[in-house]
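The values are calculated or read from the model by the stated rules, or taken from the named source; none is laboratory data. This structure is a prediction, so every number in the text was calculated from the model and none was measured. FYI the Cβ positions are ideal-geometry reconstructions off the backbone, even for glycines, and counts take in every protein chain you see. SASA here: full protein model, heavy atoms, side chains in, ligands and nucleic acids out. Shrake-Rupley method; radii C 1.70, N 1.55, O 1.52, S 1.80 Å.
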Amino acid sequence: MSVAVVGSRCRELALLVARRLAFAVPVLVIVAVGVFLLAAASPFDPIYQYYGVDVFTATAEDLAATRARLGLDDGVLTQLGRWLAGIASGDLGTSRSLRQPVAQVIAERLPWTLLLVTVALVVAIVLSLVAGVVAAWCQGGLFDRMVTAIGHAMEGIPPFVLALVAIAIFALGLGWFPVAGLTDAGAPASAEQVLRHLALPALVLGVSQTPWLVLHVRGSLLAALGEDHVAGARARGLTEATVVLRHALPTALLPFVTLLGTRVPELVTGAVLVETVFSWPGIAEAVVTAALAVDFPLLAALSVLATAAVLLGSLAADVAVALADPRVRADG
Amino acid sequence: MAELLADPTAGTRPVDGTRSPAPRWRPAARARAGTPRGRATGGRARARLLAGGGLLAALALAAVLVPWLGGLDPRAVDYGAIRLPPSPAHPFGTDAQGRDLLLRSFAGLRVSLLVAAVCAVVSTVLGAAVGAASGVLGGWPDRLLMRVVDTVNSVPHLLLGIVIVALYRGSVLAVIASIALTHWTGVARIVRSEVLSLRDRPFIDAAISGGASRGRVLRRHLLPAIVPQAALSTVLLLPHAVWHETALSFLGLGLPPHLASIGNILGEGRAAVLLGSWWIVAFPAVLLVAAALAVAGVAAWWRDRTLPRRRSELGL
């Protein structure tokens, strides 16, 4: 590939990224405004949230003064403007259920979620690649039929059921792993502690994502094995391993990368459920805490954050595919 | 090579590699039937139908009959029989309030399936309306509606569902709205593309040149043609609706506790697992998974039967 071609390719990719980011901004704003309007239309009065049980003993003047101070009596649009202006200036509001600024909640919890999700993703990718390739290689064999059957069956098992089963067997039955939490009670967050507590949730989250990936790898590898360039490689007398791993697999992996990018929503969903069951102190668990307490500022910030993750995931997958495959046009 | 020769359409393809435009009216079913793959899926499809349909019928029957025949209230609390392991008197054991889990699980299954069915119908109607409007109107309304679909799709479904349920908590209506408002987008896309492909068909042209008004074409020709597609979407959405409702209820954000669904039972059983009472979670979980697989099996059979080419378009 000449330098000029590489240069134009880079420009194409930069344009792709710029265009997608430009599309992402209005989507994020719409999601933020949408969540705000949903909250404004909700019958739930934020004053109850602010006061808690004390609302029943507070005087009417107190309540009125607080409402005025919080600006709850202003019109919906005024409140919306104030909220958006706060976000624009970096103030995400204060979470009432966790009694912290929202920015601090995110800063404290996001790393733990990223750790969990990354390890789970690695588990899922390794598992699905190995099982999918072996299954497609021995199509129709015992292993293939087992992988396909287990894959289809696992699609029907929600992550929280998987998590409960894993806790019952590996934590309570065999005692290999701790039941929940980030560390043992009162212990500092040392690497050894965190790793021991991370193992089970990361495995559950990874395994819960695997069925779709395995079946996809198997299917696309089977399709790739039927393509002309693979038949050509076979005809040239290359070994079976070279044909499958060097000629068929790369073609099969391109749609796999795209699939990984589109499965970010499921990963977020899985993280919400798994973190809740394992009391993992991540951002996804905060979603449930916030929802149970109708903690609107936190809920809105987390929705926008999750949407950004989804958009980033699909962008990253598209860029990766365009980088790996020169046939893909990045300007389409 | 042998497959290439056997393929009756292979010779009609232009040599330069550009395929002739695919004929629109279901050629795939016939083309597939001859290939080994087609035969294999045919056999598997029947097995899927028999297994899935049989299991679903049995579960549905049990969900109706067990709470009725048992003669007991699934909500009846018995503090003398807390967390009893499975026994002849209580085949599934009892939970932390001494409620019989056999009755409770099947009553919960009934609630879960009912709510899921309502959700699937509501989101299909919503999605079909948006998709049909988008396909029929075209132009900027179409672009706008598809942008809305894209935007809704970029928020993880469970998260958007949680936001909706959290802000309108504690009612069945909120759960239904939460599931319907997040699952209509796939239906909208499918119905839109169906309408777009229908618009150019000869029978529509014939109706228009026969003097039919716009409304009549829509009512008599377009809408009946998208009904099979919409019905299929409803069935394909069912397992997702079951899953979504169960997840919400499990988190304590779904149906109110007195309307015990499987999700509620599992959510309440979480603490019991730590005390070693595995049956409180095991039996309802097995029921849930069996129901989800049965529904998914029947849905997959129907999809393959009616639309062999559309296997993965719903992305379900």
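The table that follows gives values for the structure above.
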{"item": "Under 15 Å, Cβ to Cβ, from B:VAL172 - net charge with Lys/Arg +1 and Asp/Glu -1", "result": "+1"}
{"item": "Solvent-accessible surface ranking, highest first, for B:ARG99, B:ARG83, A:ARG69 at 1.4 angstrom", "result": "A:ARG69, B:ARG83, B:ARG99"}
{"item": "Peptide ranges B:225-231, A:268-274, A:132-138, A:300-306 listed from the most packed, as the mean C-beta count within 10 angstrom indicates", "result": "A:268-274, A:300-306, A:132-138, B:225-231"}
{"item": "Where A meets B: accessible area buried, both sides, 1.4 Å probe, Å²", "result": "3300"}
{"item": "Cα-projected label distance for A:PHE44 with A:ALA320, points at 7 Å along beta-carbon direction, nm", "result": "3.5"}
{"item": "Computed accessible area, A:ASP325, all protein chains, 1.4 angstrom probe, square angstrom", "result": "10"}
{"item": "Spin-label model distance (nm) - A:LEU142 vs A:CYS10, 7 Å beyond Cα toward Cβ", "result": "5.4"}
{"item": "Using a Förster distance of 25 Å, the FRET efficiency for A:ILE150-B:VAL286 (Cβ separation, nearest 0.05)", "result": "0.95"}
{"item": "1.4 Å probe, heavy atoms, protein only - residues of the stretch B:256-271 losing at least 40 Å² accessible area vs chain alone", "result": "B:ARG270"}
{"item": "Net length gained if the chain between A:LEU292 and A:LEU259 were fully extended (0.36 nm per residue, minus Cα distance)", "result": "8.6 nm"}
{"item": "Distance between the stretch A:278-300 and the stretch A:30-46 - C-alpha centres, whole angstrom", "result": "16"}
{"item": "Within the accessible area of the protein assembly as shown (1.4 Å probe), percent carbon and sulfur", "result": "68"}
{"item": "Residues of the stretch A:100-292: accessible area per residue with a 1.4 Å probe, Å²", "result": "42"}
{"item": "Ranked order, A:ASP73, B:ASP100 - accessible area, probe 1.4 Å, largest first", "result": "A:ASP73, B:ASP100"}
{"item": "Environment charge at A:VAL133 (Cβ cut-off 15 Å; Lys +1, Arg +1, Asp -1, Glu -1)", "result": "0"}
{"item": "Net charge over other residues, Cβ less than 13 angstrom from the Cβ of A:ARG99 (K, R count +1; D, E count -1)", "result": "-1"}
{"item": "In Å², nearest 10: area of B:HIS240 left accessible to a 1.4 Å probe", "result": "60"}
{"item": "Whole-Å distance, taken between Cα centres, linking the stretch A:222-257 and the stretch A:130-155", "result": "19"}
{"item": "Order of exposure, largest accessible area first, which applies to B:TYR168, A:TYR50 with probe 1.4 Å", "result": "A:TYR50, B:TYR168"}
{"item": "1.4 Å probe, heavy atoms, protein only - residues of the stretch A:277-291 losing at least 20 Å² accessible area vs chain alone", "result": "A:VAL277, A:VAL287, A:VAL288, A:ALA291"}
{"item": "Principal axis box of the protein assembly as shown, alpha-carbon based, largest edge first, Å", "result": "84, 64, 63"}
{"item": "Nearest-10 value in Å² for the accessible area of B:ILE208, using the 1.4 Å probe", "result": "100"}
